[in-house]
Amino acid sequence: MTQDIFRDDLIREMPNLRAFALSLCGSTAQADDLMQDTLVKAWSHRTSFQDGSNLRAWLFTILRNSFYSLKRREQHEISDSDAQIAESMAAKPEQEGHLHLHDFHLALARLPDEQREALILIGASGLSYEEAALVCNVAVGTVKSRVNRARARLAELLDIKGPEDIGDDPQLASLQSRSPWRG
């Protein structure tokens, strides 16, 4: 693959990388730093990318590994895992939709890293289970199990017992087919 083609493919994947980084970090600034680090690493190791393989999975793997390296370094820093400090500094939402989104973000943050990551890769990033398994370096069944447990835990955290608890929002209603209470 030529340098120009690789650059163009890398640029095309930037929105997906940013979305994945943001969902992992929860902070725009930290996500941007993580994405930039991923792009630098990918560019400097572009000769190790094999033509014909999945560039998105390769980039997501780099981003994921960088994220976990950062998490290991942060273990020695002060943590705001329950978001109390951030919550005290945040402006309260004025509309109900913002409240639901805020509740969702808090619930998503409470999921174990592996479950949150699998759910984001499948649900938000649009990867197949097979692609997500490659990114996470686990079996496909493990990814499916993590996604299922993440969905069930989110439903529990958000006190969603059935489709009727979702409301009339058409976007939320579209999620019912994937909900943990459906067979």
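State the percentage of accessible surface on the stretch 97-172 attributable to carbon and sulfur atoms; use a 1.4 Å probe and exclude ligands, DNA and RNA.
Roughly 53 percent, rounded to a whole number.
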Label-point separation in nm, Asp32 to His45, each point 7 Å along Cα→Cβ:
2.5 nm
Accessible solvent surface per residue of the stretch 1-88, calculated while the other protein chains remain in place, 1.4 angstrom probe, Å²:
62 Å²
Segment His98-Asp9, extension gain: residue separation times 0.36 nm, minus the distance between their alpha carbons:
28.6 nm
Report the percentage of all Cα-Cα pairs in the stretch 1-88 whose separation exceeds 22 Å, rounded to a whole percent.
32 percent
Using a probe of 1.4 angstrom, how much of the accessible area of the stretch 23-73 is carbon and sulfur, in percent?
50 percent
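The values are calculated or read from the model by the stated rules, or taken from the named source; none is laboratory data. Worth saying up front: this structure is predicted, and the values here are computed from it rather than measured. Note that we place each Cβ from the backbone using ideal geometry, even for glycine, and neighbour counts take in every protein chain shown. Quick note on the areas: whole protein, heavy atoms, side chains included, nothing else; ligands and nucleic acids left out. Shrake-Rupley method; radii C 1.70, N 1.55, O 1.52, S 1.80 Å.
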